[in-house]
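The values are calculated or read from the model by the stated rules, or taken from the named source; none is laboratory data. Every value quoted in this text rests on a predicted model; they were computed, and no experiment measured them. Here the Cβ positions follow ideal geometry from the backbone for every residue, glycine too, while neighbour counts run over all protein chains shown.
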Amino acid sequence: MAEKGIGARVPRKEDLRFITGRGRYTDDINQPGQAYAVFVRSPHAHARIKRIDKAPALALPGVLAVLDGQDVAADGLGNLICGWLVKSKDGSPMKMGKHPLLAQEKVRYVGDRVAVVVAETLAQAKDAAEALVVEYEELPAVVDLAGAHEGPLVHDEIPNNLCYDWELGDKAAVDAAFARAHHVTRTELVNNRLVPNAMEPRAAIGHYDPGQDAFTLYLTSQNPHVHRLVISAFVGIAPEHKLRVVAPDVGGGFGSKIFIYGEECVVLWASKKIGGRPVKWTAERSESFLTDAHGRDHVSRAELALDKDGNFLALRVNTKANLGGYMSTFSSCIPTYLYATLLAGQYKTPAIYCDVQAYYTNTAPVDAYRGAGRPEASFLLETLIDQAAMEMRMDPAEIRRKNFIPKTAFPYQTPVALVYDTGDYEACLDEALRLVDYAGFPARRAQSEKNGKLRGIGISCYIEACGIAPSAVVGSLGAGVGLWESAKVRFTHTGKVQVLTGTHTHGQGHETTFSQLVAEKLGVPYEDVEVIHGDTEKTPVGMGTYGSRSLAVGGEALVRACDKIIAKGKKIAAHLLEASEADIEFRDGKFTVAGTDKSKTIGEIVFAAYVPHNYPAGLEPGMEESAFFDPPNFTFPSGTYVCEVEVDPQTGEVDVVKFVAVDDFGNVINPMIVEGQVHGGLVQGIGQALLEGVRYDAGGQLLTGSYMDYCMPRADDVPSFEVHTVRGTACTSNSMGVKGCGEAGAIGAPAAVINAITNAIGVRVEMPATPERVWRAIQSRPMAKAAE
Amino acid sequence: MDMTGEYRIPAARQRVWEMLNDPAILAQAIPGCESLEKLSDSELQAKVKAKVGPVAATFAGKIRLSDVKPPESYTIMGEGSGGMAGFAKGGAKVQLLEDGPQATILRYEAKAEVGGKLAQIGSRLIQGTAKKMADDFFGKFAELAAAAAAPAEAAAPAVEAAPPAARPTEAPPAPAPAPAGLAGIPWIWIAAAVVVLVVLLWALFGG
């Protein structure tokens, strides 16, 4: 291993600028002549727009333009799209309601974009937005899933607000298994709606240059090329070759910055409307709460059939998923192909059936949020298994172990479409139980009881499919794009390396990990590698960063580009060393004639490529190679999380006292970055379990619209984590053997926390398990009632 | 949200009713009132500048009166828009009860609904803000009642005649009522809308 190569705990090179305040985010960019945009948003959850009077706004000083949905229509701009076509049971395509850049005729959630005001200064834009007159005719709103089917229509042309009614699995086999089951465990549960809360709010600067007849869009994006594609091909503001999209430093995304929203498109369009001045918009935190695509929001009914020994026979799940007022860029696939396909978990359950109804409601659009479908699946399965263990008086660890897919069974075809390539679930379980001292739990519980506390322990064995994705597979399931990735490796004369990647880093540390990878592969110093990303004019076309794909897919493209560099280098070395190309070996940055001490360094070879005075005939000069990689399969990280809580029965407060995470991420490039990713995911998972939850009132007003009412986890809400990465089972879908690690924590943690609380108090509490809910659950226990 | 409450105003019921019908008095007493305009006998339009926590805006709104029984009770419904700050709408039933010849108890039951930024950021602050505005209003209202009464009495200065704040219980009786001001069909100002602000105010000022 090179000192800073694969496997080294190299500190993140990007942190120098981040922790010294030198990051350059979209809002840090200011351009000459820049104007400012403010969006006028609907205060109503559902209303008809009766009239918009622009005159009072236009009359104010500094106002350059006031644009509304009619202007969007007049310019013939296309609607925002959902890029994944899901079909209903009857084969009919999902019903996609029109999603214009600015609302036309109706508004469908509080915060829906009604108009934009562009002015010389931000203050002038705000004043003009205040002056704009919008008259609404209020309509009854539908807010939650319970009322969605019979409720008022969000899109007049979509009956019952039903976008699709989808299914996966063998229903007949499942029904038959239930018919012969010894025991059936049943539950209903809610997966609570979350606000993504990236530290940096969304922002954009649109600039049309009339001289070049070309557009530039700076924005907060996880996938600038996807933004360019949708804005040109579907919205139609600019042709793709005339549109440059730049996502500079981005302060967190968690999914919310994948999507193509209206605001970013509108500032680009508005720039042209005002004659080519740059137009900047930066979301206020209130706007982030209202309009960044929310996550989760499922209501499910789940049943597990077991034989008398606790073997799982079949799983049956019905889920209703809330889409919000409009479909978002990938919202259709989250509660379907990224959810139901994961319901096998780590288990050999032979028959699984899931059907999903996705409904429109008068709430913010819902889309991928860290984990995206997989946390919902994992939470459902892992809490259901705990309930089954309780009902059958089995140990929660043992019922899992009994049902694990054995490590000899890989590759393993699940009944819900996926083929797991590798895994060793028992190894993670054993290690986690050892680290948490599972055997010593009764003594710890007794000690807590002496202190007046209820102690519980909860296990969650998660699996996820990430590193999305094989294009042919996702294409067959309805995806409108391919999900390969790209990389380019460019040497300079002096032997320095520029890595251009189609992925985007917004907290994941790609600049460090990719540098380590290249240093190891090419034998160049880590410090000599520079990673460039986020600019469609510099980097090769790529699909971006989400679904824990950057290393497994983008990293593999990088490896292959390096391989091409080495292959070309061998030709040059063979020429210079007067040997046969087949006899040239490359190791640690040196091309050597096998069995001799004749060698050339990669720096010498690169120099020869750029100064080809003595060079192989017919070989192109230069040293720059690119590669695209489309993986044959997803990667399947897995692991066991064990959480211990102490509950104060007087107040219902839950204290997470211990949290052990054991993950199998395959091979690891930088363990420190991986641990950091797991820490972040765990905090978000614990946040979902204990603190976070979106509340709309019955009329569709967002009540949890600021940090006064939406509770984010803080350092004192989480314990000091014990995070361990086992010597993993190498993934077979990329040459590095790596799996994704970005979402695992958020996927596995909620069930571990809730199972621990259930274990402590004997009743399952819905998320977020606030002190009030826990206290009420304690009061509702049969014991508490009997004592009255 | 639902709100109920009562205030004791140190003036005779007929006098309170009349003052509640006097746009000049109301405009002076309502904190942040920018304009008050009668559209018809039962409709009124107002502009009020208000701040609920971090949300500050000028609210423009309309109110309508119904079930008017002078000088005992009325029902008021209204809605107002605060531009970027959102909207408020709601209604209140207001009763004026005699508490001896020199005092009146105003009792209200209000329901309010708020939307937009007011709901998003201000909802937990609304009750407190409404309470403070109501207190400010009644302080001023009592002062004006006393000032109006003073010339008629040709007696003690207004400040002594009427304590600055009307309180549900302790407020001492005010001096005898002044001659009737405006008569006719009752109506109220009401501002519009701020949220509760307004709704509470609706509740409080009746016609």
Original post:
Restricting the first residue to segment A:1-30 and requiring it to be outside the structural domain of A:Gly676 (by TED's automatic domain parsing) and touching a residue at least 40 places away in the same chain (Cβ under 8 Å), which pairs with a second residue that is among the aromatic types (Phe, Trp, Tyr) and in a helix (DSSP H, G or I) meet a Cβ separation below 6 Å and a spacing of at least six or different chains?
Top reply: A:Lys4/A:Tyr526
Subject >> A:Asp75 being closer than 24 Å to A:Thr216 by Cβ and either at pLDDT 95 or above or hydroxyl-bearing (Ser, Thr, Tyr) (or both) >> reply: yes
**OP:** State which residue is nearest to the other protein chains (Cβ to nearest Cβ) when the search covers only segment B:120-129 and only residues that are touching a strand residue (DSSP E or B) at 6+ places or on another chain (Cβ under 7 Å) and small (Gly, Ala, Ser).
**Re:** B:Ser123
Original post:
Which of the strands (runs of 3 or more DSSP E) contained wholly in segment A:260-331 include at least 2 residues that are among the hydrophobic types (A, V, I, L, M, F, W, C) and either without any contact (Cβ under 8 Å) to a residue 12 or more places away in the chain or farther than 30 Å from A:Gly211 by Cβ (or both)?
Top reply: A:298-306, A:312-324
Original post:
Somewhere in segment B:58-68, is a residue in a strand (DSSP E or B), among the hydroxyl-bearing types (Ser, Thr, Tyr), touching a strand residue (DSSP E or B) at 6+ places or on another chain (Cβ under 9 Å) and within 14 Å of chain A (Cβ to nearest Cβ)?
Top reply: yes
Original post:
Among the listed residues A:Ser735, A:Ser706, which satisfies the condition of being surrounded by fewer than 22 Cβ atoms within 10 Å (Cβ to Cβ), within 14 Å of another protein chain (Cβ to nearest Cβ) and in contact (Cβ under 8 Å) with a residue 24 or more places away in the chain?
Top reply: A:Ser706
**OP:** Check whether at least one residue in segment A:49-58 is assigned to a loop (DSSP other than H, G, I, E, B), more than 30 Å from the chain's Cα centre (by Cα), at pLDDT 95 or above and over 19 Å from A:Ile231 (Cα atoms), and report yes or no.
**Re:** yes
**OP:** Kindly check whether there is at least one residue in segment A:61-84 that is in a loop (DSSP other than H, G, I, E, B), closer than 30 Å to A:His298 by Cβ and in contact with a Ser or Thr (Cβ under 6 Å, 6 or more places away or on another chain).
**Re:** yes
Subject >> Hits in segment B:94-119 (condition: outside any strand (DSSP E or B), within 12 Å of chain A (Cβ to nearest Cβ) and at pLDDT below 90) >> reply: B:Lys117, B:Leu118, B:Ala119
Original post:
Quick one: is B:Gly91 surrounded by 17 or more Cβ atoms within 10 Å (Cβ to Cβ) and either within 14 Å of another protein chain (Cβ to nearest Cβ) or not in a strand (DSSP E or B) (or both)?
Top reply: no
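Per-residue answers, yes or no, for (1) surrounded by fewer than 18 Cβ atoms within 10 Å (Cβ to Cβ); (2) part of a helix (DSSP H, G or I); (3) not assigned by TED's automatic domain parsing to the domain that holds A:Gly507:
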{"residue": "A:Ala617", "(1), (2), (3)": "yes, no, no"}
{"residue": "A:Gly639", "(1), (2), (3)": "no, no, yes"}
{"residue": "A:Val642", "(1), (2), (3)": "no, no, yes"}
{"residue": "A:Gln677", "(1), (2), (3)": "no, yes, yes"}
{"residue": "A:Glu692", "(1), (2), (3)": "no, no, yes"}
Original post:
Do we find a residue being modelled with pLDDT of 80 or more, away from chain A (no Cβ under 14 Å), buried (at least 21 other Cβ atoms within 10 Å of the Cβ) and in a helix (DSSP H, G or I) anywhere in segment B:132-151?
Top reply: yes
Original post:
Going by the conditions given, is B:Phe138 aromatic (Phe, Trp, Tyr) and within 30 Å of A:Val134 (Cβ to Cβ)?
Top reply: no
Original post:
For segment A:656-670, what are the residues that are in a strand (DSSP E or B) and either without any contact (Cβ under 8 Å) to a residue 40 or more places away in the chain or closer than 28 Å to A:Arg549 by Cβ (or both)?
Top reply: A:Phe659, A:Val660, A:Ala661, A:Val662, A:Asp663, A:Asp664, A:Gly666
Original post:
Among the listed residues A:Ala573, A:Ala567, A:Ala609, A:Ala582, which satisfies the condition of being under 20 Å from A:Met736 (Cα atoms), not in a loop (DSSP other than H, G, I, E, B) and not aromatic (Phe, Trp, Tyr)?
Top reply: A:Ala567
**OP:** Please tell me if A:Arg9 is more than 25 Å from the chain's Cα centre (by Cα) and away from chain B (no Cβ under 14 Å).
**Re:** no
Subject >> Residues located in segment A:111-124, provided they are in contact (Cβ under 8 Å) with a residue 40 or more places away in the chain and either among the charged types (D, E, K, R) or more than 23 Å from A:Ile258 (Cβ to Cβ) (or both) >> reply: A:Asp112, A:Arg113, A:Val114, A:Ala115, A:Val117, A:Val118, A:Ala119, A:Glu120, A:Thr121, A:Leu122, A:Gln124
Original post:
Name the residues in segment A:475-516 that are at pLDDT below 95, aliphatic (A, V, I, L, M) and closer than 22 Å to A:Met736 by Cβ, would you?
Top reply: A:Leu483
**OP:** Run down A:Asn362, A:Asn311 and say which single residue is farther than 30 Å from B:Pro54 by Cα, modelled with pLDDT of 95 or more and more than 19 Å from the chain's Cα centre (by Cα).
**Re:** A:Asn311
Original post:
Within segment A:281-293, which residues are away from chain B (no Cβ under 14 Å) and crowded, with 22+ Cβ neighbours inside 10 Å?
Top reply: A:Trp281, A:Ala293
**OP:** Might you check whether a residue that is surrounded by fewer than 24 Cβ atoms within 10 Å (Cβ to Cβ) and either closer than 20 Å to A:His183 by Cβ or out of contact with any Ser or Thr (no Cβ under 9 Å at 6 or more places or on another chain) (or both) occurs anywhere in segment A:363-382?
**Re:** no
**OP:** Select the strands (runs of 3 or more DSSP E) contained entirely in segment A:128-215, then report the ones holding at least 1 residues which are at positive phi and out of contact with any Ser or Thr (no Cβ under 7 Å at 6 or more places or on another chain).
**Re:** A:162-169
Original post:
Looking at (1) surrounded by fewer than 17 Cβ atoms within 10 Å (Cβ to Cβ); (2) modelled with pLDDT of 85 or more, which is the only condition B:Glu37 fails?
Top reply: (2)
Original post:
Hey, among A:Arg695, A:Arg714, A:Arg773, A:Arg727, which residue is within 14 Å of chain B (Cβ to nearest Cβ) and basic (Lys, Arg)?
Top reply: A:Arg695
**OP:** Could you tell me whether segment A:741-763 includes any residue that is of a type in the set (A, V, I, L, M), assigned by TED's automatic domain parsing to the domain that holds A:Val642, surrounded by fewer than 24 Cβ atoms within 10 Å (Cβ to Cβ) and without any contact (Cβ under 8 Å) to a residue 40 or more places away in the chain?
**Re:** yes
